[in-house]
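The block underneath contains the structure these notes are about, expressed in structure tokens.
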Amino acid sequence: MKAVEELFSLTGKVALITGGSRGLGREMALAFAKAGADIVIASRKLDACEKVAAEVEAIGRRALPYACHIGKWDQVNELVEAAYDHFGKVDILVNNAGVSPLYDSLVDVSESMWDSVLALNLKGPFRLSALVGDRMAKGSGGAIINISSIAAIRPTKNEVPYAAAKAGLNALTLALADTYAPKVRVNCIIAGPFLTDIAKAWNMEEAMKRFEKNSALGRPGNPEEIIGSALYFASDAASFTTGSLLAVDGGYRK
């Protein structure tokens with residue numbers, strides 16, 4: 001039986017994290033590096049990726065910053081090739097990149113907005129999981145972690161396209177877990193409201209009243225509170241866990 005430290009160790013692993021330059025993605029990148037992993041940080045802005053890469057390297061791990069629009073398959077293909085060319089493998093894939101644009105009414109949701117939301121939140125993760133999952137299954141295995149949203153199971157009028165895309169990501173998790181078993185574990189974190197960059201657009205006074213009313217813990221999450229569940233799914237501690245949808249939402253009820 002492994003010691004607890006060994007169960008959660010990522011020593012010798014390579015993790016590819018989309019949306020890895022800020023928010024939950026950055027927290028997971030730094031935590032995985034502290035657990036021993038080398039990190040591929042992917043997001044649209046290279047300079048932002050490079051900043052997190054420098055933080056990873058300061059921890060003593062290797063990093064590859066890479067600019068990529070996850071909603072575009074040609075760029076996803078290039079990202080995968082770059083990751084394998086640089087590190088020779090990917091052991092952990094985290095599909096974290098996402099977007100939920102604002103709109104006044106559903107009639108105002110344009111076809112381009114709908115397509116862009118589905119592309120980044122669902123189409124891209126599908127392609128990336130297919131490319132990496134196939135190599136994992138044919139190689140030494142691995143873990144895929146999808147970052148979904150409480151909107152997927154408790155949608156409101158404010159994020160209909162996003163909720164539909166994330167519901168698809170939940171379904172994709174179950175399908176991929178079946179597709180790539182037994183060598184690849186695929187799990188999903190259903191994230192509640194977190195104090196990431198998106199929270200800057202909130203009316204904080206009204207938001208806090210809503211959290212106090214609708215959340216068991218009465219508050220939004222701090223970004224670092226994603227680490228425990230992500231590290232569990234990424235590590236050998238989750239060796240008997242696949243196809244799981246784990247809510248990390250502070251007991252959010254609405």
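The values are calculated or read from the model by the stated rules, or taken from the named source; none is laboratory data. Source: prediction; values computed, not measured. Methodologically, a virtual Cβ is constructed for each residue, glycine included, from the backbone with ideal geometry; neighbour enumeration extends over all protein chains shown. To get the accessible areas, we keep the full protein, side chains included, count just its heavy atoms, and leave off ligands, DNA and RNA. Shrake-Rupley method; radii C 1.70, N 1.55, O 1.52, S 1.80 Å.
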Checklist entry - Once label points are set 7 Å from the Cα along Cα→Cβ at both V4 and A58, what is their separation, rounded to one decimal in nm? => result 2.9 nm
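Roll a 1.4 Å probe over the protein chains and send me the accessible area per residue for segment 140-199 in Å².
On the way: 2190 Å² over 60 residues.
That works out to 37 Å² per residue.
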Checklist entry - Once label points are set 7 Å from the Cα along Cα→Cβ at both D197 and N158, what is their separation, rounded to one decimal in nm? => result 1.9 nm
Next on the checklist: Are there any trypsin sites (Lys or Arg not before Pro) in segment 118-206 that are in a DSSP loop and have at most 16 other Cβ atoms within 10 Å? List them by number.
Outcome noted: K157, K183
Checklist entry - From the phi of every residue in segment 126-139, what ³J(HN,Hα) in whole Hz does the Karplus formula 6.51 cos²θ - 1.76 cosθ + 1.60 yield, where θ is phi - 60° and glycine or proline is x? => result 4, 5, 5, 5, 5, 5, 6, x, 4, 5, 4, 5, 7, x
Checklist entry - In percent, how large is the relative contact order of the chain, given Cα pairs closer than 8 Å and 6 or more residues apart? => result 19 percent
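Report the extension gain between L102 and A130 in nm, rounded to one decimal, defined as 0.36 nm multiplied by the number of residues separating them, less their alpha carbon distance. Spell out each step's value before the answer.
Numbers: separation 28, 0.36 × 28 = 10.08 nm, distance 3.00 nm.
Stretched out fully, the L102 to A130 stretch lengthens by 7.1 nm.
Give me the number: length gained by fully extending E111 to N77, i.e. 0.36 nm times residue separation minus the C-alpha to C-alpha distance, one decimal in nm.
That pair, E111 and N77, stretches by 9.7 nm at full extension.
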Item to check | Heavy-atom accessible surface of segment 80-188: percent carbon and sulfur, 1.4 Å | outcome: 55 percent
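Measuring with a 1.4 Å probe in the full set of protein chains, what accessible area per residue, in whole Å², belongs to segment 1-92? Each step should come with its number before you reach the end.
Details: 4320 Å² over 92 residues.
Accessible area per residue, segment 1-92: 47 Å².
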Item to check | Among (i) 1.02; (ii) 0.97; (iii) 1.39, the entry derived from the coordinates for Cα Rg over 2.2 N^0.38 Å | outcome: (ii)
